[in-house]
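**Student:** Encoded as structure tokens, here's the structure I'll be asking about.
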Amino acid sequence: MKLPAGKVPPALLERLIFKHLGTRRKEVVVGPSLGVDGAVVRVGDRLLVSSMDPITGALERIGWLAVNINANDIATFGVRPAFFTSCLLLPEHATEAIVRTVCRQIDSGARKLGMAVIGGHSETTPGLAFPIVIGCCMGMTEQGRYVTSKGARAGNDLILTKSAGMEGTAILAADRRSRLADALGSSTVKKAAAFFRRISVVDDALLAFGTGGVTAMHDPTEGGIANGIHELADASNKGFKVFEERIPIAEETMRICEHFRIDPMCLIASGSLLIAAEKDFSGKIVKVLRKNGIAAAVIGELLSSTRKRAIVRRDGREERLARPVSDHLWRALEE
């Protein structure tokens, strides 16, 4: 069976990948499972949280994205990212200038988040057309001072920060700049490309966790907000009900998605954060986030029945929220 572009499907993760996890060790507090983007390992009397993600694409930001995307995963645990390491795979035509550019971007991203770059590996790899940066980020915490995406409870409010499809909007604005400028105007494209600057959710997550009442957090990436909600529900073994009219979508995102005939809910969404929170705290969390310049809204709630995964459309119709087979970014890039 040929796999779709993007993440390996959940059924394949459970059937193949999660059944081959090496030796069971007592230090592993949180290991691999659906919807969980990191691990928690006991180191002495402290806990180490780690996560890994690859970045491919435009050289102009690949190193910076590798730092920020991986840092986001650590922050969803309510933990400040502290350490970064990477594997840099270079195409055969790579030059010293490419290495310098990527390393400067990693350095810049890490310094802004207060992280140390502690090691890694770099090589020229036959068969590659573009560089690949595989990043690994880590943070330290104490017992009881973190959450996972497994912790959401029935009756929790579901909060979304910023807006849907942010990273996908920025990627399309950068990679299809000329086409979109002709169709939508250069001003719209320039604003959309600037969404890359808002791709970190470290502040979102740490502010929310510090406010209290947070039971789970998850940053929706491939498959967009729609897939991210499903992943949070998978991890927590819950259902959900969300409201389409409450899910913010930037005008630039909407116009670009209309142009490519794709769904902004299914467009890669790094930069947004899903937060499950106790109802008594959700209003305060939203207020704190907004006070710090981070848009946030309650978009629905978690349900006890895993079979109910509903979205209420703008016209009042309630239907099952479809899980995207692959990110709609790939549809747009294939045109």
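**Student:** Only one residue in Ala174, Ala154 is at pLDDT below 95 and small (Gly, Ala, Ser). Which one? Explain how you work it out, then say what you get.
**Tutor:** Details: Ala154 fails: at pLDDT below 95.
Every option except Ala174 fails the conditions.
**Student:** Here's a follow-up. Is at least one residue of region 12-25 at pLDDT below 95 and of a type in the set (Asp, Glu)?
**Tutor:** yes
**Student:** What's the total number of residues in region 12-62 that are charged (D, E, K, R) and in a loop (DSSP other than H, G, I, E, B)? Lay out the reasoning, then the answer.
**Tutor:** Within region 12-62, the subset charged (D, E, K, R) is 14-15, 19, 24-27, 37, 42, 45-46, 53, 60-61.
Those left that are additionally in a loop (DSSP other than H, G, I, E, B): 24-27, 37, 45, 60-61.
Within region 12-62, residues that are charged (D, E, K, R) and in a loop (DSSP other than H, G, I, E, B) number 8.
**Student:** Limited to region 63-83, what total is found for residues that are crowded, with 20+ Cβ neighbours inside 10 Å, assigned to a loop (DSSP other than H, G, I, E, B) and touching a helix residue (DSSP H, G or I) at 6+ places or on another chain (Cβ under 7 Å)?
**Tutor:** The total comes to 3.
**Student:** For region 103-165, which strands (runs of 3 or more DSSP E) that fit wholly inside it have 1 or more residues that are touching a residue at least 60 places away in the same chain (Cβ under 8 Å), of a type in the set (Ser, Thr, Tyr) and at negative phi? First the steps, then the outcome.
**Tutor:** On the way: elements: 116-124, 132-141, 157-161.
Where strands (runs of 3 or more DSSP E) fall fully within region 103-165 and carry at least 1 residues being touching a residue at least 60 places away in the same chain (Cβ under 8 Å), of a type in the set (Ser, Thr, Tyr) and at negative phi, they are 132-141, 157-161.
**Student:** Continuing with this model, one more query. If I ask for residues that are surrounded by 23 or more Cβ atoms within 10 Å (Cβ to Cβ) and in a strand (DSSP E or B), which ones from region 243-279 would you list?
**Tutor:** Residues satisfying the conditions are Ser270, Ser272, Leu274, Ile275, Ala276, Ala277.
**Student:** Condition first: of a type in the set (Ser, Thr, Tyr) and within 25 Å of Asn237 (Cβ to Cβ). Now tell me which residues in region 1-56 satisfy that. Talk me through it step by step, then tell me what you get.
**Tutor:** Here is the first cut: in region 1-56, the residues of a type in the set (Ser, Thr, Tyr) are 23, 33, 50-51, 56.
Residues satisfying the conditions are Ser33, Ser50, Ser51.
**Student:** Between Gly239, Gly212, Gly224, which is on the phi > 0 side of the Ramachandran plot, in the same structural domain as Ala269 (by TED's automatic domain parsing), over 18 Å from the mean Cα position of the chain (by Cα) and not aliphatic (A, V, I, L, M)? Give the derivation first.
**Tutor:** Numbers: Gly239 fails: on the phi > 0 side of the Ramachandran plot; Gly224 fails: over 18 Å from the mean Cα position of the chain (by Cα).
Checking each option against the conditions leaves just Gly212.
**Student:** Of everything in region 41-62, what is hydrophobic (A, V, I, L, M, F, W, C), touching a helix residue (DSSP H, G or I) at 6+ places or on another chain (Cβ under 7 Å) and crowded, with 21+ Cβ neighbours inside 10 Å? Give them in sequence order.
**Tutor:** Val49, Ile55, Ile62
**Student:** Let me ask something additional. Would you confirm whether or not region 280-296 contains a residue that is crowded, with 19+ Cβ neighbours inside 10 Å, over 30 Å from Ile262 (Cα atoms) and of a type in the set (S, T, N, Q)?
**Tutor:** Checked against the condition, which is being crowded, with 19+ Cβ neighbours inside 10 Å, over 30 Å from Ile262 (Cα atoms) and of a type in the set (S, T, N, Q), region 280-296 yields at least one hit.
**Student:** Something else now. Would region 229-239 turn up any residue that is outside any helix (DSSP H, G or I) and of a type in the set (D, E, K, R)? Walk me through how you get there before you give the answer.
**Tutor:** Let us first name the residues in region 229-239 that are outside any helix (DSSP H, G or I), namely 237-239.
The next check asks that each one be of a type in the set (D, E, K, R); those that pass are 238.
Yes: one or more hits.
**Student:** Looking at Ala208, Ala170, Ala164 in this structure, which one is more than 21 Å from Leu113 (Cβ to Cβ) and touching a helix residue (DSSP H, G or I) at 6+ places or on another chain (Cβ under 8 Å)? Spell out the reasoning first.
**Tutor:** Details: Ala208 fails: more than 21 Å from Leu113 (Cβ to Cβ); Ala170 fails: more than 21 Å from Leu113 (Cβ to Cβ).
Result of the check over Ala208, Ala170, Ala164: Ala164.
**Student:** Going by the structure shown, is Ala170 in contact with a Phe, Trp or Tyr (Cβ under 7 Å, 6 or more places away or on another chain), under 19 Å from Ile268 (Cβ atoms) and in a helix (DSSP H, G or I)?
**Tutor:** Values: in contact with a Phe, Trp or Tyr (Cβ under 7 Å, 6 or more places away or on another chain): yes; under 19 Å from Ile268 (Cβ atoms): yes; in a helix (DSSP H, G or I): yes.
Yes.
**Student:** Also, I was wondering about something else. Could you please give the count of residues in region 302-335 that are among the acidic types (Asp, Glu) and within 20 Å of the chain's Cα centre (by Cα)? Step through it out loud before you land on a result.
**Tutor:** So the first thing to find is which residues in region 302-335 are among the acidic types (Asp, Glu), and the list is 315, 318-319, 327, 334-335.
From what's left, within 20 Å of the chain's Cα centre (by Cα): 327.
Number of matching residues: 1.
**Student:** Can you run down the residue pairs with Cβ atoms below 6 Å, 6 or more apart or on separate chains, where the first is in region 212-234 and farther than 17 Å from Asp157 by Cβ and the partner is in a helix (DSSP H, G or I)?
**Tutor:** Partner pairs satisfying both residue conditions: Asp219/Asn72; Gly224/Met265; Gly224/Cys266; Ala226/Met265; Ala226/Cys266.
**Student:** Return the only residue of Ala5, Ala39, Ala66 being of a type outside the set (Lys, Arg) and outside the structural domain of Pro131 (by TED's automatic domain parsing). Don't jump to the end; show me each part of the working.
**Tutor:** Details: Ala39 fails: outside the structural domain of Pro131 (by TED's automatic domain parsing); Ala66 fails: outside the structural domain of Pro131 (by TED's automatic domain parsing).
Matching residue, one of Ala5, Ala39, Ala66: Ala5.
**Student:** Can I ask one more? Here are some residues: Leu184, Leu207. Which one is within 26 Å of Trp64 (Cα to Cα) and aliphatic (A, V, I, L, M)? First the steps, then the outcome.
**Tutor:** Numbers: Leu184 fails: within 26 Å of Trp64 (Cα to Cα).
Result of the check over Leu184, Leu207: Leu207.
**Student:** So, one more: Quick one: how many residues across region 297-335 are surrounded by 13 or more Cβ atoms within 10 Å (Cβ to Cβ), small (Gly, Ala, Ser) and more than 29 Å from Leu206 (Cα to Cα)?
**Tutor:** The total comes to 3.
**Student:** Working carefully through the options Ala39, Ala97, find the one that is without any contact (Cβ under 8 Å) to a residue 60 or more places away in the chain and within 30 Å of Asp175 (Cβ to Cβ). Show your work before the answer.
**Tutor:** Details: Ala39 fails: within 30 Å of Asp175 (Cβ to Cβ).
Ala97 is the lone residue from the list that is without any contact (Cβ under 8 Å) to a residue 60 or more places away in the chain and within 30 Å of Asp175 (Cβ to Cβ).
**Student:** Let me ask something else about it. Would you check if Pro248 is over 12 Å from Leu160 (Cα atoms), at pLDDT 95 or above and either hydroxyl-bearing (Ser, Thr, Tyr) or out of contact with any Asp or Glu (no Cβ under 6 Å at 6 or more places or on another chain) (or both)?
**Tutor:** Values: over 12 Å from Leu160 (Cα atoms): no; at pLDDT 95 or above: yes; either hydroxyl-bearing (Ser, Thr, Tyr) or out of contact with any Asp or Glu (no Cβ under 6 Å at 6 or more places or on another chain) (or both): yes.
Criteria not met by Pro248.
The values are calculated or read from the model by the stated rules, or taken from the named source; none is laboratory data. The structure displayed is predicted, hence computed values, not measured ones. When we count neighbours, we look across all protein chains shown, and the Cβ atoms used for this are built from the backbone with ideal geometry, even at glycine.
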